[in-house]
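What follows is a short report on a single structure.
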Amino acid sequence: MTRNSTPPCLDLLFDGPIARLTFNNPAARNAMTWPMYEELKVICDSLASNHDIRVVILRGAGDKAFVSGSDIEQFVAMKKDEAYEVAVDHIFSSLQLLPMPTIALIEGLAVGSGLLIATACDFRISTPEARFGIPVARTLGNCLSPSNLAWIGAHLGIPMVKKMLLTSELIKAPELLATGYLYETVDAQNITSAADALAHKLAALAPITQKASKLTIARLLQNNLPDCSDLMRETYNSQDFKEGVNAFLEGRPPKWLGK
């Protein structure tokens with residue numbers, strides 16, 4: 001059974017014990033609009049109570065990107081003092097806390113929120129050509145919440161997270177395969193079958209043990225997070241953030257002022 005929806009959207013297909021979720025906005029390299037974020041939360045909340053689903057596979061439509069970040073136009077209307085990252089924290093948490101194993105199938109780019117969504121999954125399989133990063137110091141001039149930083153730091157390691165955030169470099173798949181962040185890399189022709197093979201392996205194992213294991217880890221990572229609202233407020237209310245959004249939409253390099 002497939003959800004009836006119109007792009008940009010999320011498409012959900014039930015395939016026996018596997019739920020297949022596709023980020024469908026290929027014209028914008030699957031950039032996430034706010035309705036897509038909200039739909040992700042609704043879908044995850046629904047899957048969390050669906051005992052027939054044993055594994056979830058997430059992928060992007062087409063082969064250019066898993067998710068290339070957020071739709072930048074939605075930042076134009078942000079109100080003063082609004083912490084965007086706090087809002088998406090709740091959405092990403094619903095994915096992190098799914099009781100069944102999750103697999104991100106990645107072709108092309110997984111950047112910005114795409115990296116965060118991929119990291120919220122339990123396993124990541126990509127093509128060798130895939131690239132990963134959070135180039136916000138080069139593009140928008142925004143920042144991440146402590147929850148998201150703690151999560152990606154635990155999965156990628158602090159040195160790699162600093163490399164991504166402070167240099168805005170995009171990291172190629174072979175480098176992340178060597179760190180264990182990627183479960184495996186597979187050519188585009190075989191990546192779907194590789195994800196399916198892992199999904200069927202996971203679906204044959206004890207689901208309550210899987211749930212207890214992954215949710216205990218999630219609670220450990222989310223415990224005693226610091227209050228960084230002052231830093232997020234400073235960033236999102238800065239002239240630099242406004243400049244980053246305007247420059248991106250106007251197709252020009254931003255001029256950072258440090259204000």
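Couple of notes before you dig in:
- Taking segment 94-197 and the helices (runs of 4 or more DSSP H) fully enclosed by it, the elements with 1 or more residues that are without any contact (Cβ under 8 Å) to a residue 60 or more places away in the chain and acidic (D, E) are at 173-179.
- Considered as a group, the residues in segment 73-101 that are open to solvent by 30 Å² or more (accessible area, probe 1.4 Å), of a type outside the set (A, V, I, L, M) and at pLDDT below 75 include one that is nearest to I117 (Cα to Cα), and that residue is Q74.
- Checking each residue in segment 17-51 for being open to solvent by 60 Å² or more (accessible area, probe 1.4 Å) and over 15 Å from the mean Cα position of the chain (by Cα) picks out P26, A27, P35, V42, D45, S46, S49, H51.
- If you go through segment 228-259 and pick out every residue that is assigned to a helix (DSSP H, G or I), open to solvent by less than 100 Å² (accessible area, probe 1.4 Å) and among the hydrophobic types (A, V, I, L, M, F, W, C), you end up with 6.
- Hey, L97 under 12 Å from the mean Cα position of the chain (by Cα) and of a type in the set (A, V, I, L, M) or not: no
- Out of L205, L220, L225, sole residue that is farther than 27 Å from S147 by Cβ and surrounded by fewer than 17 Cβ atoms within 10 Å (Cβ to Cβ): L205
The values are calculated or read from the model by the stated rules, or taken from the named source; none is laboratory data. Nothing here was measured: the structure is a model prediction, and the numbers come from that model. FYI the Cβ positions are ideal-geometry reconstructions off the backbone, even for glycines, and counts take in every protein chain you see. Calculation scope for accessible area: heavy atoms of the full protein, side chains included, ligands and nucleic acids excluded. Shrake-Rupley method; radii C 1.70, N 1.55, O 1.52, S 1.80 Å.
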